[in-house]
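Just passing along the structure, written as structure tokens.
The values are calculated or read from the model by the stated rules, or taken from the named source; none is laboratory data. None of these values were measured; they are calculated from a predicted model. Here Cβ is always computed from backbone atoms with ideal geometry, including for glycine, and neighbour counts include all displayed protein chains.
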Amino acid sequence: MNTVGHHSALIYVMVVVSASDGVMSERELKTIGQLIKTLPVFQDFEEHRLSMVAKDCAAMLQEPEGINAVIGLVKAALPAHLRETAYWLAMEIALADGRIMLEEIRVIEGLRRELGIDRLVAAGIERGARARYQVA
């Protein structure tokens, strides 16, 4: 199995969630870019690599069992302290376009299981992410 760095793994999480419903919306893509520019975990990531990393992930997703391969790479690449960050990023992307599709829920739940995120921790992350996108 190939390996990737933690930056790529976090980007893969965002791409997998965005692509899971068959459409990578403009809002989702914009959110990915903003998160990479602003989050401390990406402070030493070279932004010009984003397109290449996203394309690599998208190519893997086209293969049979591609999503399982991507999630396996993510799991192998992420240290324990970044797994909750990955789950939060998944929620941010799912909520970015104002709706969460069933396919996105399935991917997020698979990530939760594979990354070993406790259900109570996941519920807290989910609630915080939803609160961020509330409108009056």
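Looking at Leu82, is it assigned to a helix (DSSP H, G or I), at pLDDT 95 or above, surrounded by fewer than 21 Cβ atoms within 10 Å (Cβ to Cβ) and on the phi < 0 side of the Ramachandran plot?
yes
Now, a different point. Give Met101, Met24, Met14 a once-over and let me know the one that is touching a Ser or Thr at 6+ places or on another chain (Cβ under 9 Å), modelled with pLDDT of 95 or more and within 28 Å of Val135 (Cβ to Cβ).
None of the others qualify; the one that does is Met14.
Would you call Glu114 surrounded by fewer than 17 Cβ atoms within 10 Å (Cβ to Cβ) and not in a helix (DSSP H, G or I)?
When the stated conditions are applied, Glu114 does not pass them.
Separate question: Looking at segment 18-64 only, could you name the residues that are acidic (Asp, Glu), under 16 Å from the mean Cα position of the chain (by Cα) and assigned to a loop (DSSP other than H, G, I, E, B)?
Within segment 18-64, just Asp21 meets the criteria.
Report yes if Ile67 is at pLDDT below 95 and part of a loop (DSSP other than H, G, I, E, B), otherwise no.
no
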